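These notes concern the structure reproduced below.
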Amino acid sequence: MSTSTGFQLGSYGYSKIKRSITKEDKHLLSVVFHEADDRNKGFLTREDVKVAIAELFGYKPSKYEVDQIMNNYGTRFNSVIGLSLENYMIIMSDKLVAADEDENTRHTFMVFDTNCRGFLSVEDLQRAFSQVAPHIPNHTVQTCFRELDRDGDGRISYKDFDFMMKYDTKSHI
């Protein structure tokens, strides 16, 4: 492990960072559930689930995705299969956690990759650090770059960047 950056980029010793749902996330999910619950039934029909997913994630879910949700988590309410608030919170919490992690990683990588090349150079990293953390010495940035460049090709690929963003080193420092 490097003492200057705190990264240990070996092939062992990592556990995934688990993003938890915040109080604000739970509130958002609840609000969307109640907005999508047409006629205040207390559950979501297939069409209501489509509306909720579109509102939360910005896309219309496929028939297959809705079928999977309803078949695995749906409950019979009188003569209609619906999704209860409890099951909705479980499903959408998982989707929210997964979507945010990947979206934030991609967005952060694109901010660093100012030339849109699909990789980061040491100059890209130096430029980012000089703007965000100018007090960090250049040699520390270069050391960090060498540790993140796992295959030694002089570039940090998205795969290298994603690896660094998703794995926790706190338990190994």
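Here are the numbers:
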{"item": "Sequence of 144, 116 when ordered by accessible area, the most exposed leading, probe 1.4 angstrom", "result": "116, 144"}
{"item": "Most to least accessible of 48, 67 (protein chains only, probe 1.4 Å)", "result": "67, 48"}
{"item": "Cross-link pairs 41/95; 60/95; 60/166; 26/50; 23/95 - those with Cα-Cα distance over 22 Å", "result": "41/95; 60/166"}
{"item": "Heavy atoms of residue 155: accessible area, 1.4 Å probe, square angstrom to 10", "result": "110 Å²"}
{"item": "Two-site label geometry, residue 97 and residue 130: point separation in nm, points 7 Å out along Cα→Cβ", "result": "4.0 nm"}
{"item": "Residue-count net charge about residue 48 - beta-carbon cut-off 9 Å; Lys, Arg +1, Asp, Glu -1", "result": "0"}
{"item": "FRET efficiency, residue 138 to residue 108 (Cβ-Cβ, R0 25 Å, nearest 0.05)", "result": "0.75"}
{"item": "Rg/Rh (Cα only; Kirkwood hydrodynamic radius) as it applies to the stretch 30-173", "result": "1.18"}
{"item": "Segment residue 163-residue 35, length gained on full extension (0.36 nm per residue, minus Cα span)", "result": "42.4 nm"}
{"item": "By accessible area with a 1.4 Å probe, ligands and nucleic acids excluded, highest first: order of 148, 56, 28", "result": "28, 56, 148"}
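The values are calculated or read from the model by the stated rules, or taken from the named source; none is laboratory data. Remember, it's a predicted structure, so these values are computed and weren't measured experimentally. Neighbour counts run over all protein chains shown; Cβ positions are idealised from the backbone, glycine included. Side chains are part of the model used for accessible areas, which takes the heavy atoms of the whole protein and leaves out ligands, DNA and RNA. Shrake-Rupley method; radii C 1.70, N 1.55, O 1.52, S 1.80 Å.
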